[in-house]
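Every number here is computed from the coordinates shown, using simple stated rules; none is lab data. From a predicted model like this one, the values you see are computed outputs, not experimental measurements. When we count neighbours, we look across all protein chains shown, and the Cβ atoms used for this are built from the backbone with ideal geometry, even at glycine.
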Amino acid sequence: MTPAPTLQDLIETVEHDAAGGDPLDLLATASSTVAQLEEVGDAVLGHFVDRCRRNGHSWTEISGALGVTKQAAHKRFSFSAPTLERFTERARRAVDAAAVAARELRHNFVGTEHLLLGLFAQPEGLAARALAGAGVDRAAVEAKVLEVVPRGGEPMLDNPLYTPRASLALQGALEEALRLGHNYIGTEHILLGLVRDRDALSARTLKELGVSVESIRSRLVEMVNAIAEQRRQS
């Protein structure tokens, strides 16, 4: 078996990637590196769990191979498409587009990165407009995503599973909507849900493209408030 990176390998990677030798810079880079390893690791496991499922293996067999209980395996890897009762039509289409983006990249899962890509499918939505205003386009996002999760080559699932982080991001969209006093979930709330977890690939991708969590949140809140003001005056 090909050996995994050693502790020394990872330390050297962090020291190479850090902006400088300051301990806080090194710590921040180490945190980002570990988060990336965790997300890619989850994607790798999810890929082979999906392969086992396609070959007809039961959750009992899969959990045995993973060395965990059946309940633990099912809970970790059985995230399905979320319910979208409160989502606007644009938001629903953006979520559908996320699964399309995953299939186009031949990824057998829908992660936060695919949800971010899906937002560009609704160019009139507040999320896509905010991203465009920040100078971010779909091609740049996809290029960054592929640097971390290369294009796959396996047969695709008809209904790829959602990663835990993607599911939590969509739950976060509801929380963001409630925080703003909205009784619906639009593309703007999905984007807010995606950036609230700074270790998620969606948030890291935007950061690498020069967009901070604070700036995108501020931009979206401004847009939402402007629309609310227009409605009050009409």
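Here are the numbers for the structure shown:
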| item | result |
| --- | --- |
| Prolate/oblate/rounded label for the chain (Cα gyration tensor, a/c 1.5) | oblate |
| Positive dipole terminus of the chain, leading residue within Val40, Ala101, Leu27 (C-beta point charges) | Ala101 |
| Distant-in-sequence amide H partners of Phe87 (H built 1.01 Å from N, under 5 Å) | Ile185 |
| Theoretical FRET efficiency, 1/(1+(r/R0)^6), r = Cβ-Cβ of Gln8 and Glu208, R0 35 Å, to 0.05 | 0.85 |
| Pair Arg217, Arg106: separation of 7 Å Cα→Cβ label points (nm) | 3.9 |
| Cα→Cβ-extended label distance, 7 Å offset, between Arg198 and Val40, nm | 2.2 |
| Additional length obtainable on full extension of the chain from Ala65 to Arg86, 0.36 nm per residue less Cα span | 3.7 nm |
| Pairwise label distance in nanometres, Leu27 with Ile227, each label 7 Å out on the Cα-Cβ vector | 4.0 |
| Cβ-Cβ FRET estimate between Asn183 and Asp137, R0 fixed at 41 Å, reported to 0.05 | 0.85 |
| 0 to 90° range, to nearest 10: angle between helix 89-104 axis and the chain longest Cα axis | 30 |
